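Here's the structure we're looking at; comments come further down.
The values are calculated or read from the model by the stated rules, or taken from the named source; none is laboratory data. Values in this document were obtained by computation on a predicted structure and should not be read as measured data. Every residue, glycine as well, gets a Cβ built from its backbone with ideal geometry; the counts of neighbours run over all protein chains shown. Accessible surface areas use protein heavy atoms only, side chains included; no ligands, DNA or RNA. Shrake-Rupley method; radii C 1.70, N 1.55, O 1.52, S 1.80 Å.
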Amino acid sequence: MKKLKKRQQQQSGARSVNRNEAEHVSWKKQKLVDIHQALNNDPVDIETLRRAAVSEGGLLTDDVRRKVWPKLLSVNVFDLPAKPAKNVRENHKDFNQVLLDVRRSMRRFPRGMRADERGVLQEQLIDIILDVLRRNPQLHYYQGYHDIVVTFLLVVGERMAIAMVETLSNHHLRDFMDPTMDSTKHILNYLMPILEQVDPELHYFMQRAEVGTIFALSWLITWYGHVLSDFRHVLRLYDFFLASHPLMAIYFAAVIVLYREREVKSSECDMASVHHLLSKIPQDLPYELLISEAQSLFIRYPPTLLARSAALESRKSIAISSFQDFQTSTLQQRPDSVLRQQHHQRHNATLDLTQASARGGGAHQLVKMAVWGLSATLGAAALAVAQTAMDWAPEFLLQLF
């Protein structure tokens, strides 16, 4: 009888596990369907894509990220920048520092990658960084920037990485790319007011320890890419941050500190002890829980509320002030299927005009001018599409799912 009861319990437990697995698979499939529909809406349903990126599991796969990340940043995959010119490194003031940082970044590449493959990617990483800086002289390189760029290079490839990093650098990362650290310190200064709102006791302890916020600097300016060893966790956070307000990375820093509240309060109340504890980020964090908590804190204590703190009143953030306009600019994007069709129509029209011009032997100057105008406008886009198809998996541009 006992054996029968035990067998029934085991069977019941197995059914429960199978049911949970089936529910998980069903949930994942539904999320993919929702993302697929959002991408094919005209205009693209950006709000649904943002919710998918933030909600449990994020964007699930790199294939989905290659489709959704560009939409979150309003990047047109049919109008990508050209590959960096061969002379992009010549006389560039940041070349030596970028070279040193990239050469030290071996652990950011997948384990087991062949040395020659990694070498090619490192060379591309250097060129991407220098090309973005060359095209945007208002941006200044900082150590840690390469940790963000390499994440995009590994997921979306060289030319898409240029487009995405350029947009990101002029918006979410803009304050980190000033000529001085003043704007970065300003963003870090949001950390303590968040802690004060949520846990005054912990905030007081850290104030007495005079630990400051420098322990979170590398978290913030690399979007945690430098401090997390598991690339899956980095990608999950990038899904979250790309779909969120520029300050979300500092809210996430706050929830990490709050999550470790007992450890902090149990340490010696001095700068060295608390800084040593907090600067070593745990690798087994409950990421989904912390992402949900960061979202909740952002809603309960928005930046406008925190900005009343004395530490934040003296300076304005470029990223924060431009965020509303940036969000609005992402709302009227056409789906890739429509963009692809438009590209083919324009390309065919260009070919027709070119052929007509050739048949006419140059007799009609107006046709020549029309061809020239269309070629100048569409040539870069056509080249971008063709090169992208070779650089990436062809199914990215030719299929949706």
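Which count do you get for residues in region 166-194 that are small (Gly, Ala, Ser) and over 20 Å from the mean Cα position of the chain (by Cα)?
1
What number of residues within region 98-110 satisfy the criterion of being in contact (Cβ under 8 Å) with a residue 40 or more places away in the chain and surrounded by fewer than 16 Cβ atoms within 10 Å (Cβ to Cβ)?
As a first pass, look at region 98-110 and keep what is in contact (Cβ under 8 Å) with a residue 40 or more places away in the chain: 98, 101-102, 105, 107-110.
Next, from what is left, pick out any that are surrounded by fewer than 16 Cβ atoms within 10 Å (Cβ to Cβ): 107, 110.
Residues in region 98-110 being in contact (Cβ under 8 Å) with a residue 40 or more places away in the chain and surrounded by fewer than 16 Cβ atoms within 10 Å (Cβ to Cβ): 2 in total.
Could you please find all residues in region 325-335 being of a type outside the set (S, T, N, Q) and open to solvent by 20 Å² or more (accessible area, probe 1.4 Å)?
Of everything in region 325-335, those that are of a type outside the set (S, T, N, Q) and open to solvent by 20 Å² or more (accessible area, probe 1.4 Å) turn out to be ASP325, LEU331, ARG334.
Restricting attention to helices (runs of 4 or more DSSP H) lying wholly within region 253-320, give those where 2 or more residues are over 24 Å from HIS233 (Cα atoms). Before you say what the answer is, go through the steps one by one.
Values: elements: 261-266, 271-279, 287-300, 303-306.
Correct list: 261-266, 271-279, 303-306.
So which residues in region 47-105 are of a type in the set (Gly, Ala, Ser), in a loop (DSSP other than H, G, I, E, B) and under 13 Å from the mean Cα position of the chain (by Cα)?
Within region 47-105, GLY58, SER74 meet the criteria.
Going by the conditions given, is GLN143 in a helix (DSSP H, G or I) and open to solvent by 20 Å² or more (accessible area, probe 1.4 Å)?
Details: in a helix (DSSP H, G or I): no; open to solvent by 20 Å² or more (accessible area, probe 1.4 Å): yes.
Considered against the rule, which asks whether it is in a helix (DSSP H, G or I) and open to solvent by 20 Å² or more (accessible area, probe 1.4 Å), GLN143 comes out as no.
The conditions are (1) in contact (Cβ under 8 Å) with a residue 12 or more places away in the chain; (2) open to solvent by 40 Å² or more (accessible area, probe 1.4 Å); (3) of a type in the set (D, E, K, R); (4) more than 16 Å from SER55 (Cβ to Cβ), and ARG262 fails exactly one of them. Which is it?
The number of the failed condition is (1).
At negative phi and in contact with a Lys or Arg (Cβ under 9 Å, 6 or more places away or on another chain) - does that describe any residue in region 170-181?
For region 170-181, residues at negative phi and in contact with a Lys or Arg (Cβ under 9 Å, 6 or more places away or on another chain): absent.
Of the residues that sit in region 185-212 and are touching a residue at least 40 places away in the same chain (Cβ under 8 Å) and among the polar types (S, T, N, Q), which one is farthest from LYS265 (Cα to Cα)?
Filtering first and then ranking leaves ASN189.
If I go through region 296-324 residue by residue, how many of them are at pLDDT 95 or above and open to solvent by 70 Å² or more (accessible area, probe 1.4 Å)?
Residues that pass the stated criteria total 2.
Can you tell me which residues in region 41-61 are of a type outside the set (Asp, Glu), surrounded by fewer than 20 Cβ atoms within 10 Å (Cβ to Cβ) and either modelled with pLDDT of 95 or more or under 14 Å from ARG236 (Cα atoms) (or both)?
Once the filter is applied, which keeps residues that are of a type outside the set (Asp, Glu), surrounded by fewer than 20 Cβ atoms within 10 Å (Cβ to Cβ) and either modelled with pLDDT of 95 or more or under 14 Å from ARG236 (Cα atoms) (or both), region 41-61 yields THR48, ARG51, SER55, GLY57, LEU60, THR61.
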